[in-house]
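> First the structure, which I've put down as structure tokens, then a few questions once you've had a look.
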Amino acid sequence: MKRIGRMLALLVSMLLLVGLTACTPRSVVGSWRCTVDLSRAAQAAGALDGLDEQSGVGVVLAKLLDGQTLELALELRKDGTYSLGTDPESARAAADSLSARMGELMPELLSELLGVDPAEVEAAMAITGMTPEAIAEKLMEQIQLDGAIDSIAAKASTGTYRYEDGKLWLTPDGQTENAEAYETVVLSREGLRITETRSGLFQKYEKILPLTFKR
């Protein structure tokens with residue numbers, strides 16, 4: 001009976017090991033995606049610095065970014081090359097969503113910026129025949145949001161990579177690998193999680209780490 005018990009225990013251990021192996025990635029090779037909260041990223045990058053979170057404008061901008069996301073795409077190929085950038089479709093969806101929400105929030109934003117009652121803003125719009133959506137569209141054109149999104153999506157970093165003992169080196173084209181410039185990563189059933197960055201590639205996201213990429 002003891003022998004049978006030991007065999008059963010060994011069998012259970014082997015099954016558990018197989019199960020964990022099946023769920024945990026054996027390699028970093030593959031296509032990875034990470035969803036980034038734009039509100040957190042903007043705050044971490046200092047894009048909202050100088051704005052009092054309690055001020056009217058700060059509140060409106062917080063509403064504008066609330067719930068907005070963007071996907072980062074990381075490709076780690078078998079040949080040792082990589083690409084890292086913003087997923088184009090995700091960038092376009094984020095731009096469309098921001099534009100639509102800008103239209104919804106435009107009266108409130110103009111009211112705060114001009115220091116007038118929202119009713120006055122609405123009255124002025126009625127006189128000029130301008131809708132909040134039209135004003136938002138004009139604003140987006142002036143800041144060239146479409147071009148900015150396309151530029152961000154197109155500026156993917158490419159180069160070579162090396163993974164060893166929980167460290168991922170991403171070396172852009174034309175550069176030599178720096179032993180100290182790596183990302184500390186954890187491979188698990190949840191995906192590839194970057195817990196620390198020592199390179200410039202993830203510097204803008206440093207304050208919102210960890211970032212979890214999923215296949």
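> Using a Förster distance of 45 angstrom, determine the FRET efficiency expected from the C-beta separation of ARG215 and LYS63, and round it to 0.05.
Details: r = 33 Å, r/R0 = 0.74.
After rounding to 0.05, the efficiency reads 0.85.
> Another one. Name the GluC sites (Glu not before Pro) in the range 176-215 that are in a loop by DSSP and that have at most 10 other C-beta atoms within 10 Å, would you? Write out the running numbers ahead of the final one.
On the way: sites: GLU177, GLU180, GLU183, GLU190, GLU196, GLU206; in loops: GLU177, GLU180, GLU190.
Sites meeting the loop and neighbour criteria: GLU180.
Just so you know, all these numbers are worked out from the coordinates, no wet-lab data involved. Owing to the predicted nature of the structure, the values given are computational and were not obtained by experimental measurement. Glycine also receives a Cβ, built like all others from the backbone with ideal geometry; neighbour counts cover every protein chain displayed.
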